[in-house]
Number of protein chains: 2
Amino acid sequence: MQNSPFRNAAQREADRAAKRDAVLRAAVRMFNERGFFATSLDDVAASLGISKRTIYHYLANKDQVLLECITIGLEQLLEAADEARAEPGSGRDRLVKFLRRYVEINMDDFGICVSRTGEEALSRESLPRYRALKKKIDVAMRQILAEAVEDGSIGPIDVKMTAFTLAGALNWPGRWYDPKGALTPAEISEAMVKVLMGGLDPRS
Amino acid sequence: MQNSPFRNAAQREADRAAKRDAVLRAAVRMFNERGFFATSLDDVAASLGISKRTIYHYLANKDQVLLECITIGLEQLLEAADEARAEPGSGRDRLVKFLRRYVEINMDDFGICVSRTGEEALSRESLPRYRALKKKIDVAMRQILAEAVEDGSIGPIDVKMTAFTLAGALNWPGRWYDPKGALTPAEISEAMVKVLMGGLDPRS
DNA sequence: AGCACAATACACTTGTGAGTGCATATTGAT
DNA sequence: ATCAATATGCACTCACAAGTGTATTGTGCT
């Protein structure tokens, strides 16, 4: 059975996926370090000890490489929103949970890529998908905020403006976070959320 | 006297400066619209009805064009800090003044360029100056925060982390602000600062 | 009148990097 | 053993954009 075609087919697909992933990981690291435009696929290939042609076997073009990286990051954020929403506790508790996770994701390879990449980097064809995901996250953020306002666990705030403000603050670490720095992502995330929540807590 | 050489020399220099400025303005608009890397100096020249060679008469290279644009934006921020510091009133008042202005600058052409441009876009030679200016602004922000904490007009907070958090939130509008949108810069700035200050106000 | 220099254009070089055609190796299926 | 498909490398094309050499025009200065 260990030689059954099923097993083999699955194995092969897994191999392929693993290689594709490795390409994306290498690419996102270089994008984050030197910037998307300063990174050639030749560079990425070299860093993996393969040739550029091989990359094109797993991904259609450079634009798709970027889109995949960004998608991974954005999907992590969406997951974080879902998880937070499923949590017990007050609306405020769920919000804090979400924010904490949000910041941490933004200090991960793919999250950093998301916060560093603007629309200019993507092709016309990739934009719709990118925007759709962004929108979803914004909607999720607003929903979580609205729920917390609803149950009174945070003060009454302008949900839309607050979502923008939070998004900006939370994305920022993607720009300056240095893994070799003194603070861990968890510490940074805690401190930032503390600062931000002050403005949201109900006041007497 | 209107033909005195002084007048003429000054006039000429003013003309030159005006042209240089026009180039920078045209360039920054295109950078903001399509991104720095997607904008060629040929494009910029065409938008002014001149040839690329003319641009090179006023600026050494593309890198310098960008550096000048960014410098203008960053210097506006520094000015804002100085003005805020000179203001009467409590530390909190001065802080609010600064934050309000900060956000507004980030919705102006040169400010947008600052918030959209990362270090990857600049050359090795330009980086030191860029970093020095950034640092100055960070220092100013922390100083203003520290003064407000000092005089008790805002709550005791972690100055460093708060400065980072604020910077992120305040830079964000540069990414999404649309001059044709419903909200004016002043409205956006007011709403954002309101959200943020909540977290800084002393609580009873 | 003529000089010096600023301003501007045109046409060119050059480097780089995305994407591809083709040849080759490897491996599972029959 | 052989075939088909997948994986990979090499070498190429092609487009584009940064930057420059050179010629030309305009203008203030003496």
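Considering the conditions (1) more than 15 Å from DNA strand D (Cβ to nearest atom); (2) touching a Phe, Trp or Tyr at 6+ places or on another chain (Cβ under 8 Å); (3) not assigned by TED's automatic domain parsing to the domain that holds A:ARG116, A:ASN32 is excluded by exactly one of them, (2).
Among the listed residues A:ASN3, A:ASN8, which satisfies the condition of being at pLDDT below 95, within 8 Å of DNA strand C (Cβ to nearest atom) and in a helix (DSSP H, G or I)? The conditions single out A:ASN8. When segment A:169-187 is limited to residues that are buried (at least 23 other Cβ atoms within 10 Å of the Cβ) and not in a loop (DSSP other than H, G, I, E, B), the one that is farthest from the chain's Cα centre (by Cα) turns out to be A:ALA169.
Here are the criteria: (1) open to solvent by 40 Å² or more (accessible area, probe 1.4 Å); (2) modelled with pLDDT of 95 or more. Tell me which single one B:GLY73 does not satisfy. That leaves (1) as the condition not met. For first residues located in segment B:44-65 and among the aliphatic types (A, V, I, L, M), partners that are near DNA strand D (Cβ under 7 Å from one of its atoms) and lie 6+ apart or on another chain with Cβ distances below 7 Å form the pairs B:ALA45/B:LYS52; B:ILE55/B:LEU41.
Considering only segment B:86-143, state which residues are open to solvent by 60 Å² or more (accessible area, probe 1.4 Å) and not in a helix (DSSP H, G or I). Within segment B:86-143, B:GLU87, B:PRO88, B:ASP108, B:ARG124, B:GLU125 meet the criteria.
Screening B:GLU68, B:GLU13 for residues that are within 14 Å of DNA strand D (Cβ to nearest atom) and open to solvent by 50 Å² or more (accessible area, probe 1.4 Å) leaves exactly one candidate, B:GLU13. Of the residues making up segment A:155-168, those that are free of Cβ contacts under 8 Å to residues at least 40 places away in the same chain and surrounded by fewer than 19 Cβ atoms within 10 Å (Cβ to Cβ) are A:PRO156, A:ASP158, A:VAL159, A:LYS160, A:MET161.
When the test is whether a residue is more than 15 Å from DNA strand D (Cβ to nearest atom), modelled with pLDDT of 95 or more and either surrounded by 13 or more Cβ atoms within 10 Å (Cβ to Cβ) or within 30 Å of B:ARG100 (Cα to Cα) (or both), B:LEU41 does not pass it.
The residues listed here are A:GLU147, A:GLU83; of these, the one that is assigned to a helix (DSSP H, G or I), away from DNA strand C (no atom under 16 Å from the Cβ), over 26 Å from A:ARG25 (Cβ atoms) and away from every other protein chain (no Cβ under 14 Å) is A:GLU147. In the set (1) open to solvent by 50 Å² or more (accessible area, probe 1.4 Å); (2) within 14 Å of chain B (Cβ to nearest Cβ); (3) over 30 Å from A:ARG142 (Cβ atoms); (4) not polar (S, T, N, Q), A:GLY35 fails one condition alone, (1).
The values are calculated or read from the model by the stated rules, or taken from the named source; none is laboratory data. Everything quoted here is computed from the prediction, not taken from an experiment. Glycine gets a Cβ as well: all are built from the backbone with ideal geometry, and neighbour counts include every protein chain shown. Keep in mind that these areas ignore ligands, DNA and RNA; they rest on the heavy atoms of the full protein, side chains included. Shrake-Rupley method; radii C 1.70, N 1.55, O 1.52, S 1.80 Å.
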